[in-house]
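Inspection log for the structure reproduced underneath, given as C-alpha coordinates.
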Amino acid sequence: DGGEYWRFLLDTKSGKWTRFADIPDQIIHASFGPDNKLYLLSIKDAPSGKVIRIDPAKPDLAKADVLVPGSDATIQGFVVTKSKLYTQDVLGGPSQVRIFDLKGKASGTVPIPPISSVRQIVAMDGDEILFRNQSYTEPPAWFTFEGKSKPSVQKTVMAMTSSVSFADAEAVREMAPSAKDKTSIPINIVRRKDMKLDGQSPMLLTGYGGYGVSLMPGMNPIY
(Lines give C-alpha, C1' and ligand atoms only; values in the text may rest on other atoms or scores of the structure.)
Protein backbone atom coordinates (compact mmCIF):
# COMPACT_ATOMS: atom_id res chain seq x y z
CA ASP A 1 0.00 0.00 0.00
CA GLY A 2 2.92 2.34 0.58
CA GLY A 3 4.67 1.64 -2.70
CA GLU A 4 7.24 -0.57 -1.01
CA TYR A 5 8.65 -2.52 -3.94
CA TRP A 6 11.94 -3.54 -5.44
CA ARG A 7 12.00 -3.55 -9.23
CA PHE A 8 14.04 -5.96 -11.32
CA LEU A 9 14.77 -6.34 -15.04
CA LEU A 10 15.51 -9.71 -16.62
CA ASP A 11 17.97 -10.05 -19.49
CA THR A 12 16.38 -12.94 -21.37
CA LYS A 13 19.60 -13.68 -23.25
CA SER A 14 21.87 -14.04 -20.23
CA GLY A 15 19.21 -14.85 -17.64
CA LYS A 16 20.62 -12.15 -15.39
CA TRP A 17 18.37 -10.12 -13.10
CA THR A 18 19.21 -6.46 -12.40
CA ARG A 19 17.58 -4.49 -9.62
CA PHE A 20 17.01 -0.96 -10.91
CA ALA A 21 14.73 0.44 -8.19
CA ASP A 22 14.87 0.11 -4.42
CA ILE A 23 12.10 0.64 -1.87
CA PRO A 24 12.97 4.35 -1.30
CA ASP A 25 12.49 4.98 -5.05
CA GLN A 26 8.75 4.30 -4.56
CA ILE A 27 8.06 2.90 -8.04
CA ILE A 28 4.55 1.47 -7.73
CA HIS A 29 3.90 0.46 -11.35
CA ALA A 30 6.05 -0.40 -14.37
CA SER A 31 5.16 -1.11 -17.99
CA PHE A 32 7.00 -1.43 -21.30
CA GLY A 33 5.81 0.78 -24.15
CA PRO A 34 5.69 -0.10 -27.86
CA ASP A 35 8.91 1.93 -28.16
CA ASN A 36 10.62 -0.61 -25.87
CA LYS A 37 11.16 2.03 -23.21
CA LEU A 38 10.23 1.38 -19.59
CA TYR A 39 7.48 3.62 -18.19
CA LEU A 40 7.17 3.93 -14.43
CA LEU A 41 4.67 5.37 -11.97
CA SER A 42 6.51 6.92 -9.02
CA ILE A 43 5.27 8.59 -5.85
CA LYS A 44 8.70 9.76 -4.73
CA ASP A 45 8.48 13.52 -4.11
CA ALA A 46 5.07 13.33 -5.82
CA PRO A 47 2.40 11.92 -3.46
CA SER A 48 -0.22 12.01 -6.23
CA GLY A 49 2.07 10.22 -8.65
CA LYS A 50 4.23 11.07 -11.64
CA VAL A 51 5.06 9.12 -14.81
CA ILE A 52 8.72 8.77 -15.74
CA ARG A 53 10.58 6.86 -18.46
CA ILE A 54 13.95 5.12 -18.59
CA ASP A 55 15.95 3.10 -21.10
CA PRO A 56 15.91 -0.55 -19.98
CA ALA A 57 19.36 -1.01 -21.58
CA LYS A 58 20.70 1.57 -19.08
CA PRO A 59 18.11 1.64 -16.27
CA ASP A 60 19.24 4.73 -14.36
CA LEU A 61 16.47 6.45 -12.41
CA ALA A 62 18.66 9.51 -11.94
CA LYS A 63 18.44 10.08 -15.71
CA ALA A 64 14.73 9.36 -16.07
CA ASP A 65 12.55 11.58 -18.25
CA VAL A 66 9.61 13.05 -16.33
CA LEU A 67 6.68 12.83 -18.74
CA VAL A 68 3.81 13.60 -16.37
CA PRO A 69 4.76 15.57 -13.24
CA GLY A 70 2.81 15.44 -9.99
CA SER A 71 -0.40 17.48 -9.81
CA ASP A 72 -3.75 17.66 -8.00
CA ALA A 73 -4.86 14.56 -9.92
CA THR A 74 -3.90 11.26 -8.31
CA ILE A 75 -2.56 8.88 -10.95
CA GLN A 76 -3.81 5.35 -10.34
CA GLY A 77 -2.30 3.85 -13.47
CA PHE A 78 -1.44 4.45 -17.11
CA VAL A 79 -1.24 2.76 -20.49
CA VAL A 80 1.13 3.47 -23.37
CA THR A 81 0.01 3.12 -26.99
CA LYS A 82 1.76 3.71 -30.31
CA SER A 83 2.11 7.47 -29.82
CA LYS A 84 0.03 8.28 -26.73
CA LEU A 85 0.24 8.00 -22.97
CA TYR A 86 -3.06 7.80 -21.08
CA THR A 87 -3.17 8.38 -17.33
CA GLN A 88 -5.97 6.93 -15.21
CA ASP A 89 -6.62 9.60 -12.56
CA VAL A 90 -8.92 10.07 -9.61
CA LEU A 91 -10.14 13.52 -8.53
CA GLY A 92 -11.63 13.09 -5.08
CA GLY A 93 -13.75 10.15 -6.24
CA PRO A 94 -14.66 10.64 -9.92
CA SER A 95 -12.11 9.78 -12.58
CA GLN A 96 -10.45 11.49 -15.48
CA VAL A 97 -8.27 10.10 -18.25
CA ARG A 98 -5.61 12.49 -19.50
CA ILE A 99 -3.89 12.22 -22.89
CA PHE A 100 -0.20 12.94 -23.53
CA ASP A 101 2.17 12.29 -26.38
CA LEU A 102 5.32 10.30 -25.70
CA LYS A 103 7.25 13.51 -25.04
CA GLY A 104 4.88 14.46 -22.23
CA LYS A 105 2.87 17.11 -24.09
CA ALA A 106 -0.72 17.19 -22.84
CA SER A 107 -3.58 17.06 -25.34
CA GLY A 108 -6.74 17.10 -23.25
CA THR A 109 -8.79 14.35 -21.68
CA VAL A 110 -10.93 11.44 -22.82
CA PRO A 111 -14.61 12.52 -22.75
CA ILE A 112 -15.82 9.97 -20.21
CA PRO A 113 -19.35 10.25 -18.73
CA PRO A 114 -19.55 12.93 -16.01
CA ILE A 115 -19.10 12.00 -12.33
CA SER A 116 -18.05 8.47 -13.19
CA SER A 117 -15.14 6.18 -12.48
CA VAL A 118 -12.73 4.39 -14.79
CA ARG A 119 -11.63 1.12 -13.22
CA GLN A 120 -9.47 -0.33 -16.02
CA ILE A 121 -7.82 0.75 -19.27
CA VAL A 122 -6.49 -1.57 -21.98
CA ALA A 123 -4.28 -0.52 -24.89
CA MET A 124 -5.57 -1.65 -28.29
CA ASP A 125 -4.17 -1.25 -31.83
CA GLY A 126 -2.58 2.08 -32.71
CA ASP A 127 -3.66 4.68 -30.18
CA GLU A 128 -7.06 3.15 -29.41
CA ILE A 129 -7.94 2.21 -25.85
CA LEU A 130 -10.68 0.20 -24.19
CA PHE A 131 -11.84 1.35 -20.75
CA ARG A 132 -14.36 0.18 -18.16
CA ASN A 133 -16.57 2.91 -16.76
CA GLN A 134 -19.45 3.17 -14.30
CA SER A 135 -21.35 5.84 -12.39
CA TYR A 136 -23.92 6.17 -9.62
CA THR A 137 -26.78 5.68 -12.09
CA GLU A 138 -25.21 3.56 -14.85
CA PRO A 139 -23.81 0.03 -14.36
CA PRO A 140 -20.32 -0.94 -15.57
CA ALA A 141 -19.69 -0.94 -19.30
CA TRP A 142 -16.69 -1.03 -21.63
CA PHE A 143 -16.05 1.90 -23.97
CA THR A 144 -13.62 2.46 -26.84
CA PHE A 145 -11.71 5.64 -27.55
CA GLU A 146 -10.08 6.14 -30.93
CA GLY A 147 -7.44 8.68 -29.97
CA LYS A 148 -7.39 10.24 -33.45
CA SER A 149 -7.64 13.88 -34.57
CA LYS A 150 -11.40 13.85 -33.93
CA PRO A 151 -11.65 11.36 -31.08
CA SER A 152 -14.90 9.92 -29.85
CA VAL A 153 -16.05 7.52 -27.17
CA GLN A 154 -18.23 4.57 -28.14
CA LYS A 155 -20.04 2.21 -25.79
CA THR A 156 -19.53 -1.46 -26.61
CA VAL A 157 -21.86 -4.42 -26.17
CA MET A 158 -19.75 -5.49 -23.20
CA ALA A 159 -21.98 -3.87 -20.59
CA MET A 160 -23.96 -4.89 -17.55
CA THR A 161 -27.66 -4.10 -17.41
CA SER A 162 -29.93 -3.24 -14.51
CA SER A 163 -33.52 -4.28 -13.96
CA VAL A 164 -34.12 -0.89 -12.37
CA SER A 165 -34.00 2.39 -14.28
CA PHE A 166 -32.43 5.44 -12.67
CA ALA A 167 -33.45 7.78 -15.49
CA ASP A 168 -35.28 9.95 -12.95
CA ALA A 169 -32.10 10.47 -10.90
CA GLU A 170 -29.07 12.66 -11.34
CA ALA A 171 -25.62 12.89 -9.80
CA VAL A 172 -24.17 16.33 -9.06
CA ARG A 173 -20.84 17.34 -7.57
CA GLU A 174 -20.37 20.09 -5.00
CA MET A 175 -17.44 21.37 -2.98
CA ALA A 176 -17.79 22.22 0.72
CA PRO A 177 -15.23 24.08 2.85
CA SER A 178 -14.09 22.26 5.99
CA ALA A 179 -14.89 24.01 9.26
CA LYS A 180 -11.29 23.62 10.51
CA ASP A 181 -9.13 25.08 7.74
CA LYS A 182 -11.51 25.75 4.81
CA THR A 183 -10.07 22.90 2.75
CA SER A 184 -12.41 22.13 -0.17
CA ILE A 185 -14.08 18.75 0.38
CA PRO A 186 -15.76 17.12 -2.65
CA ILE A 187 -19.33 15.92 -2.19
CA ASN A 188 -21.17 13.77 -4.73
CA ILE A 189 -24.97 13.97 -4.46
CA VAL A 190 -27.43 11.52 -6.01
CA ARG A 191 -31.00 12.83 -6.06
CA ARG A 192 -34.23 12.84 -8.01
CA LYS A 193 -34.19 15.29 -10.88
CA ASP A 194 -37.44 16.89 -9.68
CA MET A 195 -36.33 17.27 -6.05
CA LYS A 196 -37.12 20.65 -4.50
CA LEU A 197 -33.93 22.15 -3.10
CA ASP A 198 -35.57 23.69 -0.07
CA GLY A 199 -33.58 21.93 2.68
CA GLN A 200 -36.55 19.75 3.70
CA SER A 201 -35.66 16.43 2.01
CA PRO A 202 -34.12 13.61 4.07
CA MET A 203 -30.55 12.63 3.22
CA LEU A 204 -28.26 9.68 3.82
CA LEU A 205 -24.67 10.96 4.21
CA THR A 206 -21.63 8.70 4.11
CA GLY A 207 -17.94 9.52 3.94
CA TYR A 208 -14.52 7.97 4.09
CA GLY A 209 -10.92 9.12 4.18
CA GLY A 210 -7.76 7.21 4.80
CA TYR A 211 -5.04 4.98 3.37
CA GLY A 212 -5.10 6.90 0.08
CA VAL A 213 -8.47 5.37 -0.81
CA SER A 214 -11.31 7.33 -2.39
CA LEU A 215 -14.97 6.38 -2.62
CA MET A 216 -15.38 6.16 -6.40
CA PRO A 217 -18.70 6.40 -8.27
CA GLY A 218 -20.11 2.97 -8.90
CA MET A 219 -23.22 0.88 -9.27
CA ASN A 220 -23.65 -2.85 -8.78
CA PRO A 221 -26.86 -3.97 -10.54
CA ILE A 222 -26.68 -7.37 -8.83
CA TYR A 223 -27.80 -5.88 -5.51
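What to note about this one:
- When the stretch 1-57 is limited to residues that are among the acidic types (Asp, Glu) and over 21 Å from Leu91 (Cα atoms), the one that is surrounded by the fewest Cβ atoms within 10 Å (Cβ to Cβ) turns out to be Glu4.
- Residue selected from the stretch 72-96 under the condition open to solvent by 20 Å² or more (accessible area, probe 1.4 Å) and polar (S, T, N, Q), by the criterion nearest to Gln120 (Cα to Cα): Gln88
- Hey, Ile112 on the phi < 0 side of the Ramachandran plot, surrounded by 15 or more Cβ atoms within 10 Å (Cβ to Cβ), outside any strand (DSSP E or B) and within 13 Å of the chain's Cα centre (by Cα) or not: yes
- Of all residues making up the stretch 1-37, the number that are touching a residue at least 24 places away in the same chain (Cβ under 8 Å), closer than 22 Å to Gly126 by Cα and in a strand (DSSP E or B): 2
- Qualifying residues in the stretch 160-194 (those that are under 25 Å from the mean Cα position of the chain (by Cα) and of a type in the set (Asp, Glu)) - the one least open to solvent (accessible area, probe 1.4 Å): Glu170
- Residue in the stretch 169-185 that is among the acidic types (Asp, Glu) and touching a residue at least 40 places away in the same chain (Cβ under 8 Å) present: no
- From the list Glu174, Glu170, the lone residue that is of a type outside the set (Lys, Arg) and in contact with a Lys or Arg (Cβ under 6 Å, 6 or more places away or on another chain) is Glu170.
- Of the residues making up the stretch 115-128, those that are under 10 Å from Ser95 (Cα atoms) and either in a loop (DSSP other than H, G, I, E, B) or touching a Leu at 6+ places or on another chain (Cβ under 7 Å) (or both) number 1.
- Among residues that are modelled with pLDDT under 90, among the acidic types (Asp, Glu), open to solvent by 40 Å² or more (accessible area, probe 1.4 Å) and out of contact with any helix residue (DSSP H, G or I) (no Cβ under 8 Å at 6 or more places or on another chain), Glu138 is not included.
The values are calculated or read from the model by the stated rules, or taken from the named source; none is laboratory data. The shown structure was predicted, so the numbers you read here are calculated from the model rather than taken from an experiment. All Cβ positions, glycine included, derive from the backbone under ideal geometry; neighbour counts span all protein chains shown. Each accessible area value is taken on the protein alone, full model and side chains, heavy atoms only, with ligands, DNA and RNA left out. Shrake-Rupley method; radii C 1.70, N 1.55, O 1.52, S 1.80 Å.
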